[in-house]
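Please read the structure below before turning to the comments.
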Amino acid sequence: MHLKAMNLSDGCQEYFCPERSVSLSVYVILYVAAAAVVLLTMCGNLLVIISVSHFKQLHTPSNILILSLAVSDLLVGVFVMPLHLPWLIESCWISGPVMCLVYDFVNFHVTSVSVHTVALIAVDRFLALSYPFFYSEKISPTVTCIATLFNWLFLLFYNFTLLFINGNFTGVACPGECVYNIDEVSFFVDLLVVFLMPCTLIIILYTHVFVIVKKHATAIRALQVHNSTSKNRVSDKSERKAAILLGILVFLFLLCLLPYYICSLVIPNSNPYYFFVRDVSGIFFLLNSTINPIIYALFFPWFRKSLKLIFTFKVFNKDSCLMNVM
């Protein structure tokens, strides 16, 4: 489906949604699928937020970062997906100029927060395995909360400034379209801040993390460590397991993230397949917010136990926040 455009006297183009070229049944299926994805994203991440927030046993530095990621993913499900998916189905913007502004700002913000939070997860695992004594003494949930709050506020200021200096809050949006203005300098600055720097940090740190995990596993096998090991060895084992599980989360995040940025960098706008590839890679980018809670349910025992307590309404019991979910 292609957009029809009509040149106006003020230089703006008025876009009209094209007539549907698919059957009504397919059209309904697309909207039902979009609604299902939105609901799954919102409910899944809301359950993660409730679990980590409610149970005190889950108030660890790593889980605080998972909570931050779940909040950004929830915002994707609440503000970004309900606007983006109908845009793809209708092939034009139908939500008006105000919602376009909200969409652009929230999309910029939650995307950058997600990438930086995953980078903080990589830093957290690297410190936990490389400097365990420093980590246990200095990296507390309070410290992680402060770092997370700073991350959100810094990126809030950064994205507002980026959009403001490019005139996105003062420009007049053309009916039927939702575009943002970013000059070349701002584009490369944003690429550096939101993609290249954090992703490079993620790859480097997690390479070190898995090298450390492999060395520890080799050392344990060589020493033939039994189950009756000291508390430090048990703690060390749990840190390695956490590193592997969070590594899966990071790997799938990069797998969903990279196609979109590769498309933006490699494929020129003049390529006839650019918009199709961009839309498909953009869907994978958004679906990462849906996938993350599924990863927690599959690989994190504490999340499964939390879900059981939530669905059986035991969270409403007195002192339920003190229940064992580990």
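The values are calculated or read from the model by the stated rules, or taken from the named source; none is laboratory data. Please read these numbers as outputs of a predicted model, since none were measured by experiment. Using ideal geometry, Cβ is built from the backbone for each residue, glycine included, and neighbour counts are taken over all protein chains shown.
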Scan region 147-158 and tell me whether some residue there is within 16 Å of Asp190 (Cα to Cα), of a type outside the set (Lys, Arg) and in contact with a Leu (Cβ under 7 Å, 6 or more places away or on another chain). yes
If you go through region 71-128 one residue at a time, how many are in a helix (DSSP H, G or I) and over 24 Å from Ala147 (Cβ atoms)? 23
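Results for (1) under 16 Å from the mean Cα position of the chain (by Cα); (2) closer than 23 Å to Thr161 by Cα; (3) among the small types (Gly, Ala, Ser), shown as yes or no for each residue.
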site: Ser91; (1), (2), (3): no, no, yes
site: Ser95; (1), (2), (3): no, no, yes
site: Met99; (1), (2), (3): no, yes, no
site: Val102; (1), (2), (3): no, yes, no
site: His116; (1), (2), (3): yes, yes, no
site: Tyr131; (1), (2), (3): no, no, no
So for region 255-269 (the condition being of a type outside the set (A, V, I, L, M, F, W, C) and either modelled with pLDDT under 65 or not in a helix (DSSP H, G or I) (or both)), does at least one residue qualify? yes
Mind checking which residues of region 144-158 are surrounded by fewer than 11 Cβ atoms within 10 Å (Cβ to Cβ) and under 13 Å from Ser68 (Cβ atoms)? Phe150, Leu153
Kindly provide the set of residues from region 159-189 that are buried (at least 17 other Cβ atoms within 10 Å of the Cβ) and under 23 Å from the mean Cα position of the chain (by Cα), ordered by number. Asn159, Leu162, Leu163, Cys178, Tyr180, Ile182
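Conditions tested, residue by residue: (1) over 12 Å from Phe108 (Cβ atoms); (2) at pLDDT below 85; (3) not in a loop (DSSP other than H, G, I, E, B).
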{"position": "Leu162", "(1), (2), (3)": "no, no, yes"}
{"position": "Cys174", "(1), (2), (3)": "yes, yes, no"}
{"position": "Val179", "(1), (2), (3)": "yes, yes, no"}
{"position": "Leu191", "(1), (2), (3)": "yes, no, yes"}
{"position": "Phe195", "(1), (2), (3)": "yes, no, yes"}
{"position": "Cys199", "(1), (2), (3)": "yes, no, yes"}
Taking region 283-326 as the region of interest, how many residues are surrounded by fewer than 14 Cβ atoms within 10 Å (Cβ to Cβ) and of a type in the set (Ser, Thr, Tyr)? 1
So which residues in region 154-208 are touching a residue at least 60 places away in the same chain (Cβ under 8 Å) and under 22 Å from Ile94 (Cα atoms), if there are any at all? Asn168, Phe169, Val172, Ala173, Cys174, Pro175, Gly176, Glu177, Cys178, Tyr180
Could you figure out which of (1) buried (at least 23 other Cβ atoms within 10 Å of the Cβ); (2) hydroxyl-bearing (Ser, Thr, Tyr); (3) closer than 17 Å to Phe285 by Cα; (4) more than 13 Å from the chain's Cα centre (by Cα) isn't true of Ser51? (3)
Picking from Val277, Val250, Val211, which residue would you name as being at pLDDT 70 or above and either surrounded by fewer than 13 Cβ atoms within 10 Å (Cβ to Cβ) or over 21 Å from the mean Cα position of the chain (by Cα) (or both)? Val211
